[in-house]
1. Collect the residues in the stretch 135-144 that are assigned to a strand (DSSP E or B), away from the ligand (no atom under 14 Å from the Cβ) and of a type outside the set (Lys, Arg), keeping them in residue-number order.
2. If Tyr132 passes every condition in (1) more than 14 Å from the chain's Cα centre (by Cα); (2) among the aromatic types (Phe, Trp, Tyr); (3) within 22 Å of Gln224 (Cα to Cα); (4) within 16 Å of the ligand (Cβ to nearest atom) but one, which one does it miss?
3. Does Glu152 fit the bill of being exposed (fewer than 13 other Cβ atoms within 10 Å of the Cβ), within 15 Å of the ligand (Cβ to nearest atom) and not polar (S, T, N, Q)?
4. Can you confirm whether Val249 is surrounded by fewer than 19 Cβ atoms within 10 Å (Cβ to Cβ), part of a helix (DSSP H, G or I) and in contact (Cβ under 8 Å) with a residue 60 or more places away in the chain?
5. Return yes or no: is Phe78 surrounded by fewer than 19 Cβ atoms within 10 Å (Cβ to Cβ), within 16 Å of the ligand (Cβ to nearest atom) and in contact (Cβ under 8 Å) with a residue 60 or more places away in the chain?
6. Looking only at the stretch 188-225, count every residue that is in a helix (DSSP H, G or I), more than 18 Å from the chain's Cα centre (by Cα) and closer than 15 Å to Leu267 by Cα and tell me the total.
7. Inside the stretch 59-87, can you point out the residues that are of a type in the set (S, T, N, Q) and more than 16 Å from the chain's Cα centre (by Cα)?
8. Every residue in the stretch 113-129 that is in a helix (DSSP H, G or I), crowded, with 19+ Cβ neighbours inside 10 Å and either more than 11 Å from the ligand (Cβ to nearest atom) or among the aliphatic types (A, V, I, L, M) (or both), please.
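Please treat every number below as a calculation from the coordinates, not as lab data. As the structure is a prediction and not an experimental result, all values here were calculated from the model. For neighbour counting, all protein chains shown are included, and Cβ atoms are generated from backbone atoms with ideal geometry for every residue, glycine included.
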Amino acid sequence: MNSTDKVDFTEVRWGSVEWTNLCTLYLRAYESRSPAPILGDTAAAEAVDRIEYDWARMRRAMRPASNQYMVSMRAKQFDDWSGDFLRRHSNAVVLHLGCGMDTRVFRLHPRGTVQWFDVDQPNVIALRRKLYDDRDGYRMIGSSVTGNWLDEIPTDRPMLMVAEGLVMYLTESEVRTLLQRLTDRFASGELLFDTVSPMGPRLSKVLTKGITKWGIRDAREIEQWSPRLRFLEQSSAGALYERIPSAPVRLLWRLIYATPFRNYDVLNRFAF
Ligand SMILES: C[S@@+](CC[C@H](N)C(=O)[O-])C[C@H]1O[C@@H](n2cnc3c(N)ncnc32)[C@H](O)[C@@H]1O
């Protein structure tokens with residue numbers, strides 16, 4: 001596939017899981033064109049340019065002028081933590097779970113000695129394959145993270161798991177099993193994932209047919225799930241709001257940050 005070829009995504013149903021991946025891709029692409037981007041995801045902008053879709057309708061629905069920073073602040077924090085790990089472990093295995101259309105691998109440019117795996121449900125990976133190919137050091141795996149995909153991963157290296165916007169769609173028992181399997185298989189690594197408050201699944205029952213299944217009040221408690229897990233740090237998804245270039249949008253985020261809503265989506269970093 002040529003990296004400039006147009007690809008047709010018009011079959012992606014409005015409101016589907018694949019569509020939510022296009023929403024976040026679109027917001028990251030939009031933010032890359034901001035005068036002072038926080039994330040600067042030019043690979044997302046290139047992807048949006050290649051994808052045939054009703055982007056005008058997406059723009060009306062997403063209101064990107066005010067919403068672009070929601071995803072870019074969260075992604076930036078995960079990129080910074082991931083970059084820190086990759087600088088210390090040049091031979092790492094990266095498990096990017098629930099990757100959707102995220103271009104994290106292109107933003108971070110890992111060294112050739114890193115092995116990077118983008119994992120998501122088969123239908124999402126099939127869509128992703130329209131845009132990108134596997135290559136040396138980079139593979140896509142179409143599987144539920146609750147399936148047997150780990151058998152395909154080399155386990156003799158330090159491991160970094162990044163799961164952005166994923167674990168709230170699993171049950172607590174599935175999250176426990178996933179983390180247990182990872183810490184059982186690898187000698188050492190870091191686990192980066194965001195968690196929502198218990199309000200998430202409660203609201204989801206009313207608003208989104210219960211698609212959000214799991215929330216936790218204080219994710220530091222996850223340390224108690226396994227004697228091998230060590231809590232390192234956590235951060236609100238909106239913690240970088242001071243870097244928002246637009247003054248009115250920055251003010252809006254400052255107001256949100258001053259309320260308990262700052263603890264709605266929390267980014268967590270654990271080591272083992
Ligand atoms: C909100 S999207 C986030 C996508 C991407 N991380 C981003 O930030 O743009 C959630 C992703 O998790 C994936 N997902 C949900 N449950 C999953 C599972 N059991 N196994 C693998 N992926 C899953 C969905 O298919 C979707 O791509």
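1. Start the filter on the stretch 135-144 by keeping residues that are assigned to a strand (DSSP E or B), which leaves 135, 138-142.
Filter once more, keeping what is away from the ligand (no atom under 14 Å from the Cβ): 135, 138-139.
Matches in the stretch 135-144: Tyr138 only.
2. Just one mismatch for Tyr132, condition (3).
3. yes
4. It is true that Val249 is surrounded by fewer than 19 Cβ atoms within 10 Å (Cβ to Cβ), part of a helix (DSSP H, G or I) and in contact (Cβ under 8 Å) with a residue 60 or more places away in the chain.
5. Details: surrounded by fewer than 19 Cβ atoms within 10 Å (Cβ to Cβ): no; within 16 Å of the ligand (Cβ to nearest atom): yes; in contact (Cβ under 8 Å) with a residue 60 or more places away in the chain: yes.
Criteria not met by Phe78.
6. Quick first cut of the stretch 188-225, residues in a helix (DSSP H, G or I) only: 199-207, 219-225.
Among the residues that remain, those that are also more than 18 Å from the chain's Cα centre (by Cα) are: 199, 201-207, 220-225.
The next check asks that each one be closer than 15 Å to Leu267 by Cα; those that pass are 220-223.
Here the count works out to 4.
7. Of everything in the stretch 59-87, those that are of a type in the set (S, T, N, Q) and more than 16 Å from the chain's Cα centre (by Cα) turn out to be Ser66, Asn67.
8. Val124, Leu127
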